[in-house]
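J.: Take this structure, written in structure tokens, and hold onto it; I'll ask about it next.
The values are calculated or read from the model by the stated rules, or taken from the named source; none is laboratory data. Values in this document were obtained by computation on a predicted structure and should not be read as measured data. Cβ: placed from backbone, ideal geometry, glycine included. Neighbour counts: every protein chain shown.
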């Protein structure tokens, strides 16, 4: 079940390191659909 990403007034940040070595850092408010697409693209392990 997907977990919603709720905007916060203070922003915040998240950093994800994938097994293939790619890293993604996001700060501030994030659109859930954009985050999902970015994670899916990096999680498949291919370089684009």
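Rundown of residues vs (1) outside any loop (DSSP other than H, G, I, E, B); (2) on the phi > 0 side of the Ramachandran plot; (3) modelled with pLDDT of 85 or more; (4) surrounded by 10 or more Cβ atoms within 10 Å (Cβ to Cβ), yes/no style:
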site	(1), (2), (3), (4)
20	no, no, no, yes
26	yes, no, yes, yes
30	no, no, no, yes
35	yes, no, yes, yes
40	yes, no, yes, no
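J.: When the residues of the stretch 1-18 are filtered to those that are touching a helix residue (DSSP H, G or I) at 6+ places or on another chain (Cβ under 8 Å) and surrounded by 10 or more Cβ atoms within 10 Å (Cβ to Cβ), which remaining residue is modelled with the lowest pLDDT?
T.: 5
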